[in-house]
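Notes follow the structure.
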There are 2 protein chains.
Amino acid sequence: MTTTLKQFINDNLPKLEEELYSLVENIKAPSQLKESMLYSLKAGGKRVRPLFVLAVCNMFHNNQKEAYTVGAVVEMIHTYSLIHDDLPSMDNDDMRRGKPTNHVIYGDALATLAGDALNTLSFGILARMENITPEKRIELINLLSVAAGAEGMVGGQVLDMDGEKRTLSLPELENVHVNKTGALLRFSIESGAVLSDATMEERFALVEYAHHIGLAFQIQDDILDIVGTTEELGKTAGKDVESHKSTYPALLTLEGAKQKLEEHYQFAIAALGKIDKNTIILQEFAQYIVKRHN
Amino acid sequence: MTTTLKQFINDNLPKLEEELYSLVENIKAPSQLKESMLYSLKAGGKRVRPLFVLAVCNMFHNNQKEAYTVGAVVEMIHTYSLIHDDLPSMDNDDMRRGKPTNHVIYGDALATLAGDALNTLSFGILARMENITPEKRIELINLLSVAAGAEGMVGGQVLDMDGEKRTLSLPELENVHVNKTGALLRFSIESGAVLSDATMEERFALVEYAHHIGLAFQIQDDILDIVGTTEELGKTAGKDVESHKSTYPALLTLEGAKQKLEEHYQFAIAALGKIDKNTIILQEFAQYIVKRHN
């Protein structure tokens with residue numbers, strides 16, 4: 001990671017996490033439910049999605065508190081999806097980020113409800129952002145609902161489950177990821193544009209960047225499952241190969257997947273070229289996505 | 001059920017269900033996901049919550065299409081909570097309304113995701129109600145998030161699970177139900193007030209009515225578990241007694257529970273007396289709640 005990006009993260013991560021935790025700590029709810037919600041929120045992770053919200057706002061010199069709030073909301077949605085994904089009835093994962101998963105600690109029932117509560121809370125938080133106009137809040141809620149629901153992330157998870165039963169074609173695989181991980185990443189970047197009153201041209205360029213970053217992120221995930229270790233990843237390595245899952249390396253070979261990754265990286269950088277702002281953080285973020293080891 | 005109420009339901013139910021199904025049929029999502037969502041939405045049920053939205057709007061002579069949309073949204077949230085509640089890791093119910101539950105047909109994973117998708121979709125639908133002001137949409141989204149999430153329905157489910165391990169006191173039991181079933185019922189009634197530009201006095205009276213109706217509804221549920229048959233109920237009767245669950249009859253005896261039910265009914269009717277409108281449908285609705293057999 002470059003110094004500029006590291007500095008940006010160091011400057012923003014503490015404020016983001018403070019906002020994230022306090023939004024949950026401040027609700028009036030049964031203590032074991034809040035504890036279960038906070039357990040997964042505090043289990044770490046790279047915070048890629050909220051950092052994208054902040055990076056976009058930063059590019060527009062927008063230092064509103066609301067960027068942290070929207071960042072926290074995106075992380076809540078991401079976290080709820082992980083809690084449900086890890087359930088025995090879904091991927092049945094006991095470990096995540098080197099820690100026991102939510103249901104291992106709190107049981108399947110409470111883990112299901114903690115996920116549900118995070119999903120529902122996210123929309124309430126967006127609705128209560130009193131310093132931005134109702135119109136903008138509505139736009140964010142609509143974008144998030146589409147990105148996170150049946151037409152986005154949840155739909156992508158269904159396609160992914162379906163794809164485990166057979167070998168997908170490359171367009172089918174891309175469609176899984178555009179929805180499963182891409183839609184929420186796109187929301188992260190697009191919400192930054194909405195919060196910062198970006199022009200339509202800027203917004204389109206950012207969405208294009210988001211599209212390629214989303215796919216690059218997934219391809220690198222697939223590659224890391226092969227070349228990474230369980231220790232580095234904080235989750236079981238080699239699971240995709242073992243389960244004969246359709247992945248970019250499986251369809252394109254490892255070399256082919258690396259080339260595809262490089263292509264999406266180049267497209268992402270080219271999209272940033274259409275924006276007449278200092279895009280250095282977003283450039284370095286793209287570089288980090290393709291070079292990361294976990 | 002009285003003729004007036006029956007007529008009201010016959011006049012409104014088809015339009016409500018048409019709106020409910022078309023809102024899901026119109027989304028762009030994997031077919032098996034939509035099928036699973038629609039299966040539970042179409043599994044029947046009394047549609048009590050959306051009918052309350054419509055009954056309140058009707059009292060204000062508000063015939064907007066939006067009443068049906070909000071009604072559909074409430075039914076989606078209720079349905080998602082039933083799908084998750086029925087999961088093997090939660091209540092493990094195979095039958096609901098005389099039909100196999102969602103996970104029995106579609107598997108636990110898809111059932112979990114169908115619930116998630118309905119939850120997320122609800123907020124998007126409210127955000128997209130273009131014929132009402134953004135301010136009103138924001139108010140509805142905020143109210144629904146609080147009613148359905150950790151501070152309402154989901155929190156109530158956690159309290160309920162917790163209560164299964166020990167005998168609850170009457171205030172504790174009431175607190176479970178105020179959250180688990182009361183919060184969403186209150187939203188149904190309050191959202192009708194928001195949509196119809198009710199005065200603050202009218203809104204407070206309606207919320208009071210909602211509070212007592214919510215508790216009456218639950219007490220009658222507890223009573224029916226004892227005096228009803230599995231056939232009448234469309235779900236296994238006698239489950240509460242068998243599992244030594246804290247219920248109103250368990251804490252107050254069957255006679256005591258019936259008396260409590262009557263008290264809440266009277267309070268609900270008294271609250272309607274504060275509203276200078278024709279409250280006949282809401283009165284008869286209250287009567288139906290306490291007299292129903294399923």
Practice problem: Report the residue, chosen from A:19, A:164, A:174, that carries the largest GNM mean-square fluctuation when chain A is represented by alpha-carbon nodes joined by springs under 10 Å. | Solution: A:164
Quiz item: Placing a label point 7 Å from Cα toward Cβ, how far apart in nm is residue A:98 from its equivalents in the other copies, listed shortest first to one decimal?
Solution: 5.7
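Length gain on complete extension for the stretch residue A:172 to residue A:130, per 0.36 nm per residue less the alpha carbon to alpha carbon distance?
Numbers: separation 42, 0.36 × 42 = 15.12 nm, distance 4.11 nm.
Full extension from residue A:172 to residue A:130 adds 11.0 nm.
Please compute the contact order of the stretch B:13-117 in relative form: average sequence separation of alpha-carbon pairs under 8 Å and at least six residues apart, divided by the residue count, as a percent.
Numbers: 105 pairs, mean separation 33.1, N = 105.
Here the relative contact order equals 32 percent.
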Quiz item: Roughly how big is the B-A contact, given as buried accessible area in Å² (both sides, 1.4 Å probe, nearest 100)?
Solution: 3700
Exercise. Leaving out ligands and nucleic acids, note down the accessible area per residue over the stretch B:164-253 with a 1.4 angstrom probe, in whole Å².
Key: 44
Quiz item: With every protein chain in place, what's the accessible area of residue B:245 (1.4 Å probe, Å², nearest 10)?
Solution: 50
Self-check item: Filter on B:99/B:291; B:15/B:277; A:28/B:65 - keep pairs with C-alpha separation over 27 Å
Solution: A:28/B:65
Quiz prompt | Average partner coverage of B:140-149, which counts Cβ from other chains inside 10 Å | solution = 6
Quiz item: Hey, for residue A:204 with labels 7 Å out along Cα-Cβ, what do the inter-copy distances come to in nm, ordered shortest first?
Solution: 5.4
Self-check item: Stokes-Einstein translational diffusion, chain A - Kirkwood Rh over all Cα pairs, 1.002 mPa s, 20 °C, in µm²/s
Solution: 111
Practice problem: Could you work out how far the C-alpha centroid of the stretch A:60-88 sits from that of the stretch A:90-104, in angstrom? | Solution: 19
Quiz item: Of A:103, A:61, A:177, which is the most mobile in a GNM of chain A whose springs link Cα atoms less than 10 angstrom apart?
Solution: A:61
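Over the stretch B:3-291, what percent of the accessible surface lies on carbon and sulfur atoms, probe 1.4 Å?
Numbers: 5680 of 11350 Å².
Its accessible area is 50 percent carbon and sulfur atoms.
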Quiz prompt | Label-point separation in nm, residue B:277 to residue B:94, each point 7 Å along Cα→Cβ | solution = 4.6
Quiz prompt | Shortest-first nm distances, residue A:3 label point to equivalent points in other copies (7 Å, Cα→Cβ) | solution = 8.7
Quiz item: Taking the protein assembly as shown as the region of interest, what is the percent of Cα-Cα pairs per 10 angstrom bin, listed from the shortest bin to the one with the maximum distance?
Solution: 3, 17, 28, 25, 15, 8, 3, 0
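Quick one: compute the contact order of chain B, relative version, from alpha carbon pairs under 8 angstrom and 6+ residues apart, as a percent. Don't skip to the end; give the middle numbers.
Values: 393 pairs, mean separation 57.2, N = 294.
Dividing the mean separation by the residue count of chain B yields 19 percent.
The values are calculated or read from the model by the stated rules, or taken from the named source; none is laboratory data. Predicted model, so just to flag it, every value in this text is computed and none were measured. Don't worry about glycine lacking a Cβ; one is built from the backbone with ideal geometry, like all the others, and counts go over all protein chains shown. The accessibility values were calculated without ligands, DNA or RNA, using every heavy atom of the protein model including side chains. Shrake-Rupley method; radii C 1.70, N 1.55, O 1.52, S 1.80 Å.
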